[in-house]
1. What is segment 208-353's relative contact order, in percent, from Cα pairs under 8 angstrom and six or more apart in sequence?
2. Accessible area per residue, 1.4 Å probe, Å², for segment 356-424: what's the number?
3. With a ≥ b ≥ c taken as the square roots of the eigenvalues of the C-alpha gyration tensor of segment 371-486, please select rounded if a/c is under 1.5 and otherwise prolate if a/b is larger than b/c or oblate if it is not?
4. Given segment 291-392, report the % of alpha carbon pairs whose separation exceeds 24 Å.
5. What whole-number value in Å² describes the accessible area per residue of segment 42-144 for a 1.4 Å probe?
6. Given charges of +1 on the Cβ of Lys and Arg and -1 on the Cβ of Asp and Glu, with all other atoms neutral, how large is the dipole of segment 269-367 about its Cα centre, in debye to the nearest 20?
7. Would you work out the relative contact order for the chain, in percent, from Cα pairs under 8 angstrom that are 6 or more residues apart?
8. Could you give the length gained on full extension between Arg436 and Asp155, defined as 0.36 nm per residue of separation minus the Cα-Cα distance, in nm?
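The values are calculated or read from the model by the stated rules, or taken from the named source; none is laboratory data. Remember, it's a predicted structure, so these values are computed and weren't measured experimentally. Because the Cβ atoms are built from the backbone with ideal geometry, glycine has one as well, and the counts that use them run over all protein chains shown. All accessible areas refer to the heavy atoms of the entire protein, side chains included, with ligands and DNA or RNA removed. Shrake-Rupley method; radii C 1.70, N 1.55, O 1.52, S 1.80 Å.
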Amino acid sequence: MQKRVILVGIYDTYTVSLAPQVLKAYAEKCEPVNGFDIITKEFSIFSDDIETISTELNKLNPDIVGFSMYIWNYNEILEIVKRLKAICVVGGPQVTGIEEELVFNNPQIQFVVTGEGEIVFKELLEYFAGKKSLDTIKGITSRRQKTQPDSFLIDLKSIPSVYAGIFKAYPHITWIYYETSRGCPMGCRFCTWSFSKKMRYLPIENVKEDLKRIFSQENINRLYLCDSSILFNKPRAKEILRYVISNCENKEIIFEFHYEQLDDEIIGLMRRLPNNEYHFGIQTINERALTEMGKAFRREIFEEKYAKMVAGSRRRNTIVDLIYGLPGDDIEGYKMSINYVFSLPAVNRIITNPLIVLPGSYFYQKREELGIKLKDDKSFIISENSTFSRTDMELARVYSFFISVIYLNSSLVDCINLLAKERNDTPMDVVVEFMRGLPFDITGGLGYPYMTPSIKEDFSMRNKVFGNVIAKFDALIECFKKFADSRYDNILQDYRQNYIQHYYRLKKFSENN
């Protein structure tokens, strides 16, 4: 009799999790799968609650249920496993460094998988089939043993493509993410992006075949290329960019890269993409904080390459990421970083988020030494560290909200910059003075949300707050006109035409909240 295995993804309503699909595809090409009925189930962190997910899974009478854990579904999974009548296995980015804690604090979890999961999952099936000893499987933590992950890294071309199956099973999805490589050479201490620094690549012909299938889907309007460093191999990156330019007409392409990997040819190709969203991960310009997180910021090189990227371009595609709460930083350093981004031309949006101390990261391992304390036991958000006080963390959250509101409209950003120059002041100080002086509570009495949430409750709060922000934006503009003594009324005359794309996303989120 076959054993039923369910691989569960809990993510966004409009896409699917890749991990369950990839694990299933890899296992099904291996002999041990003959004794198993492997199925995948997708749930939304936003629309499916714990009871619904648990009930649906139990109805399928599984013998084994596997979950991929991320910060956004971590707490939900710990509650779901309590309600399941099956062997529970967890893996994913957020189990590294807390494997023993997970199995001993959660009796329903029998196994934790660390590292890349494809081979370990196949070997677990062999164990469940009675063909392999558990002691010989590397990267497994149970109540009686812990083995380190294998140093052997899987050959990406051995993993079958999953996209044909995804689009057939989930025709409603509107965006998808795609990984053409694994590994990350950077080593940022806040990050757990990759199990290994060694870069490995999916063959370029496989990439083109997958992209062709993705581009052919009418419902898919957004593609997130989720490689850690897609420009690291420049000849390969250029070939991918040329293929996208020639074959993609109307998909929004989102990807991240390190500015030092840009050259003139890559910049020229990127500027030819039909739709695009570029993320520059500055994080901070505070030298002490940069040292603490093991990252350099070479300002002259950055500004030279950034200027070429945005020269003459639309300002609706350039995003800069900042983090507050970094060890070595403080509230003044954070304000300095915000003001620096204000000085950059053509920034469409600033993504501001508190430091999330991910299990497995250097900062998580050194949290006691760095004075890092977490906000609560549900999230991995920092509440303070040795240099960034709890009071200033709260202040940074307020400032982050203010900046996010201002950057919803490019006309308003232009006016803030002009007024700051006239006053010989910083943009951040102008923003704070203006937002603090509003005659109404723009949050609707809900308080200041985290702009990059890590758990379901914080996503819900952010969306509710921005429902109020959007409803009051006309009043906000009128208040700014008075605040600036009508100096920039001509610039604000057509402000409704200059909302950024994220404004409409937040509007949609708030309407569906």
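1. Values: 201 pairs, mean separation 31.0, N = 146.
Computed value for segment 208-353: 21 percent relative contact order.
2. Numbers: 2870 Å² over 69 residues.
Heavy-atom SASA per residue in segment 356-424 reads 42 Å².
3. Details: a/c = 2.68, a/b = 1.54, b/c = 1.75.
Since a/c reaches 1.5 but b/c is at least a/b, the shape of segment 371-486 is classed as oblate.
4. Working: 1711 of 5151 pairs.
Cα-Cα pairs of segment 291-392 separated by over 24 Å account for 33 percent.
5. Values: 4200 Å² over 103 residues.
Accessible area per residue, segment 42-144: 41 Å².
6. On the way: 15 positive and 10 negative charges, 96 e Å.
Using Cβ point charges on Lys, Arg, Asp and Glu, segment 269-367 gives about 460 debye.
7. Numbers: 869 pairs, mean separation 51.2, N = 513.
The normalised contact order for the chain reaches 10 percent.
8. Values: separation 281, 0.36 × 281 = 101.16 nm, distance 5.47 nm.
In short, 95.7 nm is gained.
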